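In what follows, a single structure is set out as structure tokens and then discussed.
The values are calculated or read from the model by the stated rules, or taken from the named source; none is laboratory data. All values reported here derive from a predicted model rather than from experimental measurement. Neighbour counts are summed over all protein chains in view; Cβ atoms, including those assigned to glycine, are modelled from backbone coordinates with ideal geometry.
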Amino acid sequence: MKYIGNREFHQASATLTERIGVLLVNSGTPDSPSTADVRRFLARLLGDPRVVELPRALWLPILHGIILRTRPFRSARKYRSIWTAEGSPLLSLSGKLRDSIASGLNERVLAPIAVELGMLYAKPGVAEGLARLRDAGAQKILVLPLFPQYCGVSTGAVYDQVQAELRRWRWVPELRFIAEYPDHPGYIEALRHSVADHWARKGRTEQLVMSFHGIPERYFHEGDPYFCKCQRTARLLADELQLAEGEWSISFQSKYGPGKWLKPYTHDLLEALPGRGIRSVTVVCPGFAVDCLETVEEIDIENRENFLRAGGTRFDYVPALNASPLHARALADLVARHAQGWTQVNLDWLAVAAAAR
């Protein structure tokens, strides 16, 4: 083993520019809308024990023997219906959000900072995002899952993958996680503004439906706080919009399989509303940081058709917050506050931002 003296050590250390690293994590998307790429993506997603909590010996034969032989073809058709010239909406919009957050942080955090993106089940992966931060000189890393409401299925998977990667590192950085932000004032304000701006341009509807991604009901009974976090966000948004009871509702989408999931189901709720005399709705999906298959295809195409077929006359979808200025500002503010103690933060900017709310 080669001996490294003090001088060599300090010279080597001096070549590293110490930075704060921020890793934004989203779920991921297939590399293309081909059946083969969708199959690979679903294998990673549905093979995660966080997503499907069944014994591996029971679940994996079902997954590989039945589900991955049939579902990828149907899912690929849906992905093709939303694919753009920039590729997957989730990946392209997550990249734009990353760029906006990085720009905002560089204006208010008084230290070098690097922001990278990692996907749980796709490229660039969590391990790749962490490696890029390390190569940029980050010795302090803050992880921000782009899931506003904590859930073991999503946020828990981020913890798992970050820790699994860092177990392989010789020099482990100082690490912080932002577990959730369901009631962060900047996030709620960004949601309020998106809905209010939509109504200002197109007029109000009779009902605001807030649709969140669903999880099996059993997870809630076993202690997952996700259901309560969604209720918290929905109530705060309704209050900010000054909606009365009966003018808004909460629902859960993307149910899969025969088991019970969180209710009410979005498709059931929307199909029932016209029968209750509510024929115009606005749908917003507060749990999705950026638009993706579940919002663009499932909500704005599939559920739109179901609602109109059931007797509805007007269906409005409010896009996810994506890389909007208020969204990027809220998340940059969240990162800056959690980075306090690592660096000086431009507190004058934070005071101005708080006053602007």
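May I ask you to list the residues in region 101-127 that are more than 16 Å from the chain's Cα centre (by Cα) and either exposed (fewer than 14 other Cβ atoms within 10 Å of the Cβ) or among the polar types (S, T, N, Q) (or both)? If the condition is that a residue be more than 16 Å from the chain's Cα centre (by Cα) and either exposed (fewer than 14 other Cβ atoms within 10 Å of the Cβ) or among the polar types (S, T, N, Q) (or both), then SER103, ASN106, GLU107, LEU110 are the ones that fit. Of the set (1) at pLDDT 95 or above; (2) outside any loop (DSSP other than H, G, I, E, B); (3) outside the structural domain of THR155 (by TED's automatic domain parsing), all apply to VAL51 but (2). Out of PHE288, PHE315, one residue alone is of a type in the set (Phe, Trp, Tyr) and buried (at least 24 other Cβ atoms within 10 Å of the Cβ). It is PHE288.
Taken together, the residues in region 80-100 that are among the aliphatic types (A, V, I, L, M), loosely packed, with under 14 Cβ neighbours inside 10 Å and assigned to a helix (DSSP H, G or I) amount to 0.
Check region 235-253 and report whether any residue there is assigned to a helix (DSSP H, G or I) and of a type in the set (Val, Ile, Thr). So far as region 235-253 goes, no, none of its residues is assigned to a helix (DSSP H, G or I) and of a type in the set (Val, Ile, Thr). Just one residue in the set GLU217, GLU240, GLU189 is of a type outside the set (A, V, I, L, M) and farther than 23 Å from ASN322 by Cα; that residue is GLU217. Considering VAL209, VAL158, VAL153, the condition of being assigned to a loop (DSSP other than H, G, I, E, B), touching a residue at least 12 places away in the same chain (Cβ under 8 Å) and within 26 Å of LYS260 (Cα to Cα) is satisfied by VAL153 alone. Selection of region 38-76 for residues being under 25 Å from the mean Cα position of the chain (by Cα) and of a type in the set (D, E, K, R) yields ARG39, ARG40, ARG44, ASP48, ARG50, GLU53, ARG71, ARG74. If the condition is being under 11 Å from ALA36 (Cα atoms) and exposed (fewer than 13 other Cβ atoms within 10 Å of the Cβ), then region 64-79 contributes ARG69, PHE73. Based on what the data block shows, is LEU68 in a helix (DSSP H, G or I) and touching a Lys or Arg at 6+ places or on another chain (Cβ under 6 Å)? Against the criterion (in a helix (DSSP H, G or I) and touching a Lys or Arg at 6+ places or on another chain (Cβ under 6 Å)), LEU68 qualifies.
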